Every structure is written in structure tokens, then in C-alpha cells.
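The values are calculated or read from the model by the stated rules, or taken from the named source; none is laboratory data. If you're wondering where the values come from, they're calculated on a predicted model, not measured in any experiment. Cβ: placed from backbone, ideal geometry, glycine included. Neighbour counts: every protein chain shown. Side chains included, ligands, DNA and RNA excluded: accessible areas come from the protein's heavy atoms. Shrake-Rupley method; radii C 1.70, N 1.55, O 1.52, S 1.80 Å.
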Amino acid sequence: MTAGLSPELLLSAYAQGIFPMASARDAADLHWFEPRLRGVVPLQNFHISRSLARVIGRETYTIRTNTAFRAVVEGCADRPETWINAALFRLYDALHELGAAHAVEVWQGPDLVGGIFGVTLGGAFFGESMFSRAPNASKVAMAYTVDRLIRGGFSLFDTQYLTPHLQSLGGVEIPRIEYRRRLRVALGQSADFTAPPAATAQSILQRRTQTS
């Protein structure tokens, strides 16, 4: 379904634990999902490996927030098969205009080489997708996103599904009933994705030392 699906209705769906995906980029309709096992990234257990720490410490990339939101969504959809169709592009743009969708961007000089975007509601961040056009760019985006979520007062980082890539960064699966419990708690919290100032490589690595 897409007819009548407004940004407000989409946020209401997220608050109930469900999210939409299209079967293909050219599909007209969206389908709703609520996995039996939900992927989440426990914020305090995010894993920065030694190799990723070296990449961050070299400061090869510049990190920005919300300066190229649509470009990040386009980067996430730039693959042979994608669940992001025209309706979702429109809805994500609208949520971004409302201040309810955000992107962390990884730049190398003038080029956008990676990023992650998601939807926020209360203290929950619903990570939608990420992409990488340079070595470790998506991992760097994750590290800076987790730092921003912690400093912004978030408690839930929902990844919808768990992939091997997310698992290597500390992601886990939890049962639906436990996810709903965590979601209820997060929805009752106040958080702000845009409030924290930009993090430095040193502050990211310091957090790794504190949580190791």
C-alpha cells in the first residue's frame, strides 16, 4: 500500500514496531514488516576493532550530519536490488523536512563515500540503511552515529534485521516481545539527534577505550 501513507502515519507505524519496504525499486506498493527476531545495536557495546580504530585515528574521512540527506538515501539505493522505491524516497524526504529523519555522512574530499540514515522517534533511532564507496566508510559512519546517539540521549538503535556486517560491529538479535519492551521505554524518552556538536576522532576512540 502507498495511497494515503503520510509521514505522520509512517511514524505511527514505527511507534508500533513495524516498518515498510518495497519489493523492488520500481514496485508501486509497500509491504509492512515486524520481524520475529529484531536486529539492534546495543549502544554501549558497539565494537570498534583495532583496524577500524586505526582508520578513524588517521582522519582520512570528514564526518558531517544532515548536509546531504537525499544523497545518502540515494547512495543506499544505488545497488542492483533495493527496497527503497519512489514512495519511500518521498516519505524519507518529508520526514527529514519534519526533523524526524537524519543522515551521518562520510566525505573524502569533495566526494560522499559513505553514510547511514534513519528515522528518530523519542529515544529510538530506526536505522534504515547504509552504504560505502570507500574502505570502511560505512563502519566509520556507524561509529559516529552510535556516538551521536549516546550523546543525544537515545537508548535504542534499531537495525530491523541483523547482517554479518552489523554483527561484527556488536549488533544482536532480540525477540519481538523484548524489542517491543525496549521500544516502549525509548518512546517515552526525550532525545535529540542534532543536539550534540560534531565528534572528533579522538573522542570516538576515547569512548572505545572506556567501553573496552
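Residues in the chain average 46 Å² of solvent-accessible surface per residue, probe 1.4 Å, ligands and nucleic acids excluded.
Dividing the mean sequence gap of close Cα pairs (under 8 Å, 6+ apart) by how many residues segment 91-212 holds gives a relative contact order of 23 percent.
Note: segment 5-115, Cα convex hull, 146 Å³ per residue.
When each of the peptides 82-95, 194-207, 143-156, 109-122 is scored by the mean number of other C-beta atoms lying within 10 Å of its residues, the order from highest to lowest reads 143-156, 109-122, 82-95, 194-207.
Defining a contact as two alpha carbons under 8 Å apart and six or more residues distant in sequence, what relative contact order in percent does the chain show? The normalised contact order for the chain reaches 27 percent. Restricting attention to segment 1-79, which trypsin sites (Lys or Arg not before Pro) occupy a DSSP loop and are surrounded by at most 15 other Cβ atoms within 10 Å? Those satisfying the criteria are Arg36.
For the pair Ile177 and Thr200, label points projected 7 Å from Cα toward Cβ lie 4.8 nm apart.
The HN-Hα couplings worked out from phi for segment 43-49 by the Karplus form 6.51 cos²θ - 1.76 cosθ + 1.60 (θ = phi - 60°) are 4, 7, 10, 4, 9, 9, 5 Hz, whole numbers, x standing for Gly and Pro.
Relative to its Kirkwood radius, the Cα radius of gyration of segment 42-103 gives an Rg/Rh of 1.08. Of the GluC sites (Glu not before Pro) found in segment 58-115, those in coil by DSSP whose Cβ has at most 15 other Cβ atoms within 10 Å are Glu59, Glu81. When the solvent-accessible area of segment 2-100 is split by element, carbon and sulfur atoms take up 50 percent of it, the probe being 1.4 Å.
With viscosity 0.692 mPa s and temperature 37 °C, the Kirkwood radius over alpha carbon pairs of the chain converts through Stokes-Einstein to a diffusion coefficient of 190 µm²/s.
Measuring only protein heavy atoms, the 1.4 Å probe finds Met130 accessible over about 40 Å².
In terms of its C-alpha gyration tensor, segment 88-184 comes out oblate, because a/c is 1.5 or above while a/b does not outweigh b/c.
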